[in-house]
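The values are calculated or read from the model by the stated rules, or taken from the named source; none is laboratory data. All values reported here derive from a predicted model rather than from experimental measurement. Quick reminder, even Gly has a Cβ in these numbers, built from the backbone with ideal geometry, and neighbours come from all protein chains shown. The accessibility values were calculated without ligands, DNA or RNA, using every heavy atom of the protein model including side chains. Shrake-Rupley method; radii C 1.70, N 1.55, O 1.52, S 1.80 Å.
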Amino acid sequence: MLLAILGLFCATCTASESLVKNGKCNSRIAILASEKEAFLMDRAAQAIADTVNAWSGVKIPIEKVERLPEEPAIILSTLDSLSPELKDNPSIYKAEFMDDQGFAIVPILNKVFIVSRTSRGVFNGAVYLRDFKIDGSKVNLILDAKPVYRTPWMKGRAVYLLNIWGHEPLYTVSDWKVILDSLAWYGFETVYFWTSGHFPSKKFPQTYKWADHHFDSTAESKIASVQDLAQIIEYGHQIGLRMYLGGGLGAWTGTGNLTSLKPETMKTGSGIAAMSLCPSHPESRKAIVEYYKEMYDALPKADGLYIELADEFGECVCEICSKPVDAFGSRQFGQSQITLVQEIAHTIWKDHPHAHFAFTNGYDEHKNDPAFYEAIKQMDNSKFEWMEARGSWEFPAAGGKLMPAPYFSKKQMKWKIWEIMPLSEQVEIANRLSKEGWFGMIADFSPGFSSGSLYGGVYGGSQSKLPVAIPFPVNKLPFALTYFVTREVMWDPTLTVEQVKERIQRRFFGAEAPAHLATDLWDLREILLVCSQSLKTSAEHAKLLESIEEHIREAENNASPKTLESLSIMKEAVDMIRKYTEPE
Ligand SMILES: [Zn+2]
């Protein structure tokens, strides 16, 4: 009761705690957690301790406790693990009303609590504290203890994770663990992990380690066993990510080869249509359903299945697929895709009732296909979610009238390759998603195809002088800034560009740093993006780089450890640009 009362008056508590005082450790991290939560709670504690260590050289002790220590401490706890009197503290129980990944950071007496309904929420809180609330000099690090309550506005925060382009198949289980860690760090909750082609199907061995069309390939897969794939899923779960298996609806890495390319089972149409399966042909349908059932049976701990509809290969215009189904342009093609999707889900649910499903939509092939979107509207079981994949904002409703995408599904998300887009566009799109009530946004992680970086990220092979870094360097530019912005706008999608820059300033630089460094970091990322594609530096960019370097030199004189860390990321980016690009 005493703590509960004092908690009410925490305005009188100190607004900051000393973590390192005169070069000596002045705090500790205490974890209250069940055995099941221990792994992620340790990670949460480590995120804070590693930062303190990197900035001051001081090792802050981490201990698992059953009772709170007497000394000043940062306490990490789920709501369930708290003592009854803390559970009754209104500053603490605010977290009960939040999303299970939301968190509260609350000062009470000589402690700062990070609490959430789940260990993943506590982890998110620890990352926030690490990013925004520690500052000071090497010998005196201060924790800003003012209360924070943060819950993600976007409930759908997925990553479309490709491992089938360029050098991506060379990533091992341990490489993917590094990437998954970073995705949890950046506030995502679901990963669509491409599985077809890596999965050693017994029923369809021809799909295994398949090289498609000169681009996507799993031929050299380093995650080509059920055991490897199961380990990736299990690791994702340990760090609070929901893991979906991924593949195509009869195209991409192996699934286009499910019927061994038998001509009558492939699409009829122009261009590359004949390289993917007709969704109406009974043999194609049977093979696709059986393949995904076999995959799910082999990896039953997966949380769901992500399937790309393969509309990039164009519409099938065979006799069945081209049959009109209404007066507004809808054809059987879309209906066959939908019933196939339903057959897959129905079959998998027989043995795996927990399975969720994600499918793509938004393609031109369905822009005059109201029957397709009407069918999606009828699939409002919450286990279905949709990824808009082609920049559409509206779909045709019954009668052909255009309606905003969230009208058709409350779980409609938008996918974009944020990595190769200017940050300001990402912010503007998030603003619009929130205005229109979309479920969330999906990031693309595809280092061998489109990372906007100089670490071998450009697909094509002609730029072989670039270094290929495996795993992808998630602590450097551009990733560290792109995904930081993604997290901030997924959690707070109404932020303006200026507000995002303010957050960048607080995340990457200490209080002593000049305010223009956020803009410099932002500009540097945008330059990197452009020149990773052209391998040229324009005169304008060269001039900007010089001024950024000048700012880095100025800031270094008086920089706090927090600022120094980011200046070093910036210097490396400048060096990379200088080394791997030529003047235009
Ligand atoms: Zn067809």
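Of all residues assigned to region 472-487, none qualifies as being open to solvent by less than 10 Å² (accessible area, probe 1.4 Å), among the small types (Gly, Ala, Ser) and outside the structural domain of Tyr171 (by TED's automatic domain parsing). For region 391-421, the set of residues classified as assigned to a loop (DSSP other than H, G, I, E, B) and open to solvent by 50 Å² or more (accessible area, probe 1.4 Å) consists of Lys401, Lys410, Lys416, listed by residue number. Name the single residue that is farthest from Ser18 (Cα to Cα) among those in region 63-83 being surrounded by fewer than 19 Cβ atoms within 10 Å (Cβ to Cβ) and under 28 Å from the mean Cα position of the chain (by Cα). Top of the filtered list is Asp80.
For first residues located in region 498-522 and part of a helix (DSSP H, G or I), partners that are open to solvent by 70 Å² or more (accessible area, probe 1.4 Å) and lie 6+ apart or on another chain with Cβ distances below 7 Å form the pairs Gln505/Ala515.
Residues in region 285-331 that are among the small types (Gly, Ala, Ser) and either within 30 Å of Asp351 (Cα to Cα) or within 13 Å of the ligand (Cβ to nearest atom) (or both) were compared, and the one that is surrounded by the fewest Cβ atoms within 10 Å (Cβ to Cβ) is Ser322. Residues in region 14-38 that are part of a loop (DSSP other than H, G, I, E, B) and under 19 Å from Leu82 (Cβ atoms): 3 in all.
If you check every pair at least six apart or on different chains, which have Cβ atoms under 7 Å apart with a residue in region 334-359 that is without any contact (Cβ under 8 Å) to a residue 12 or more places away in the chain first and a residue that is surrounded by 15 or more Cβ atoms within 10 Å (Cβ to Cβ) second? What qualifies is Trp349/Ala355.
Of the residues making up region 137-165, those that are of a type in the set (Lys, Arg) and closer than 21 Å to Phe113 by Cα number 2. Mind listing just one residue for me: the one in region 361-370 that is open to solvent by 20 Å² or more (accessible area, probe 1.4 Å) and in contact with a strand residue (DSSP E or B) (Cβ under 9 Å, 6 or more places away or on another chain) and, of those, farthest from Trp438 (Cα to Cα)? Applying the filter and picking the extreme gives Asn368. Please work out if Glu385 is away from the ligand (no atom under 16 Å from the Cβ) and part of a helix (DSSP H, G or I). No; evaluated as a whole, the condition is false for this residue. Taking the condition outside any loop (DSSP other than H, G, I, E, B), more than 16 Å from the ligand (Cβ to nearest atom), more than 22 Å from the chain's Cα centre (by Cα) and surrounded by fewer than 22 Cβ atoms within 10 Å (Cβ to Cβ), does Ala375 pass? Considered against the rule, which asks whether it is outside any loop (DSSP other than H, G, I, E, B), more than 16 Å from the ligand (Cβ to nearest atom), more than 22 Å from the chain's Cα centre (by Cα) and surrounded by fewer than 22 Cβ atoms within 10 Å (Cβ to Cβ), Ala375 comes out as yes.
Would a scan of region 338-360 turn up a residue that is more than 15 Å from the ligand (Cβ to nearest atom), open to solvent by less than 10 Å² (accessible area, probe 1.4 Å) and not hydrophobic (A, V, I, L, M, F, W, C)? Yes, there is a match, as at least one residue in region 338-360 is more than 15 Å from the ligand (Cβ to nearest atom), open to solvent by less than 10 Å² (accessible area, probe 1.4 Å) and not hydrophobic (A, V, I, L, M, F, W, C).
In region 493-547, of all residues being closer than 20 Å to Ile420 by Cβ and small (Gly, Ala, Ser), the one that is surrounded by the most Cβ atoms within 10 Å (Cβ to Cβ) corresponds to Ser532. Here Glu189 does not fit the description of being over 24 Å from Gly256 (Cα atoms) and surrounded by fewer than 16 Cβ atoms within 10 Å (Cβ to Cβ).
In this structure, is Glu425 closer than 30 Å to Val489 by Cα and in contact (Cβ under 8 Å) with a residue 60 or more places away in the chain? No: the conditions fail for Glu425. The number of residues in region 127-149 being crowded, with 18+ Cβ neighbours inside 10 Å, over 18 Å from the mean Cα position of the chain (by Cα) and under 30 Å from Trp415 (Cα atoms) comes to 2. Just to be sure before I move on: is Ala219 open to solvent by 20 Å² or more (accessible area, probe 1.4 Å) and of a type in the set (Gly, Ala, Ser) in the structure I sent? Yes; evaluated as a whole, the condition is true for this residue.
As for region 232-239, it holds at least one residue that is among the small types (Gly, Ala, Ser), away from the ligand (no atom under 16 Å from the Cβ), farther than 16 Å from Gly197 by Cα and at pLDDT 95 or above.
Being of a type in the set (Asp, Glu), part of a helix (DSSP H, G or I) and closer than 26 Å to Asp80 by Cβ, is that true of even one residue in region 157-170? No, region 157-170 has no match at all. The criterion of at least 1 residues that are of a type in the set (Phe, Trp, Tyr) and in contact with a Lys or Arg (Cβ under 6 Å, 6 or more places away or on another chain) is met, among helices (runs of 4 or more DSSP H) falling completely within region 64-133, by 119-132. Of all residues in region 268-281, those satisfying the criterion of being within 13 Å of the ligand (Cβ to nearest atom), in a loop (DSSP other than H, G, I, E, B) and open to solvent by 10 Å² or more (accessible area, probe 1.4 Å) are Thr268, Gly269, Ser280, His281. Each residue in region 542-558 was checked for being assigned to a helix (DSSP H, G or I) and in contact (Cβ under 8 Å) with a residue 40 or more places away in the chain, and 3 pass. A residue that is outside the structural domain of Tyr128 (by TED's automatic domain parsing), farther than 30 Å from Phe439 by Cβ and touching a Ser or Thr at 6+ places or on another chain (Cβ under 7 Å) can be found somewhere in region 488-511.
Within region 246-267, being within 12 Å of the ligand (Cβ to nearest atom) and touching a strand residue (DSSP E or B) at 6+ places or on another chain (Cβ under 9 Å) holds for Gly250, Thr265, Met266, Lys267.
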